[in-house]
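To start, the structure itself, in structure tokens.
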Amino acid sequence: SRNVRHARPALPSGDRRCPLMRSTVLGPLVAGLVASSALVLWLGPQADILPPLYRYNTSLSVPTGPYVWSSKWPPRRGDIVMLRDPDGFRLRWLLKRVEGVGGDTFCWHPEERRHYVNHRPMPPIPPEAVRAGLPVWRGCRVLEADEVVGFGDHHLAYGSQYLGPIRWDRLWGVYRRW
């Protein structure tokens with residue numbers, strides 16, 4: 001008996017694309033879908049369509065390094081959240097550690113130049129911020145169910161000491177260190 005080898009159909013010369021991409025209908029459709037998805041993921045955060053999926057933090061607010069979006073919601077004490085378009089800040093986003101959540105009390109104590117969350121002292125307002133004229137949030141109230149208070153780990157961080165309580169609709173979401 002003879003060994004018969006069945007040859008694969010020859011591809012047109014030089015065409016090594018996958019069969020799906022060679023299709024006259026599906027090829028452009030798949031390519032367009034991939035390109036538009038990449039464009040939405042890239043432009044989504046700038047257009048306020050999608051949260052940034054990844055950010056590399058270089059500030060001292062929270063530990064430096066890569067952070068990725070997490071599907072965890074709602075934010076809890078200790079979580080890292082990304083605030084979008086913070087008032088009075090040059091960047092379009094800030095990472096902050098959640099110190100207070102809905103139902104917590106957030107108060108300014110002018111005699112101590114610091115805020116308290118449920119009687120826990122937050123970092124004092126630094127003299128550099130006072131000299132720079134940064135407006136300090138002044139008030140004392142219970143946080144609404146859809147609000148958080150966020151502070152940075154560094155004493156010069158820009159957070160709720162200036163911004164006040166932050167509503168959930170101003171957050172991109174919860175992030176975790178990668």
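The values are calculated or read from the model by the stated rules, or taken from the named source; none is laboratory data. Just so we're clear, the structure is a prediction, and the values are computed from it rather than from any experiment. Note: ideal-geometry Cβ built from the backbone for every residue, glycine included; neighbour counts use all protein chains shown. Calculation scope for accessible area: heavy atoms of the full protein, side chains included, ligands and nucleic acids excluded. Shrake-Rupley method; radii C 1.70, N 1.55, O 1.52, S 1.80 Å.
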In segment 125-141, is there at least one residue being in contact (Cβ under 8 Å) with a residue 12 or more places away in the chain and surrounded by 19 or more Cβ atoms within 10 Å (Cβ to Cβ)? yes
Top-ranked residue in segment 153-168 [being modelled with pLDDT of 95 or more and within 16 Å of the chain's Cα centre (by Cα); ranked as farthest from His119 (Cα to Cα)]: Trp168
I want to confirm something. Restricting to segment 66-111 and keeping residues that are of a type in the set (Gly, Ala, Ser) and under 24 Å from His155 (Cβ atoms), which single residue is least open to solvent (accessible area, probe 1.4 Å)? Gly100
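Could you list all residues from segment 115-124 that are on the phi < 0 side of the Ramachandran plot and either open to solvent by 60 Å² or more (accessible area, probe 1.4 Å) or of a type in the set (Gly, Ala, Ser) (or both)?
Arg120, Pro121
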Of those in segment 145-178 that are of a type in the set (D, E, K, R) and in contact with a Pro (Cβ under 9 Å, 6 or more places away or on another chain), the residue most open to solvent (accessible area, probe 1.4 Å) is Arg177
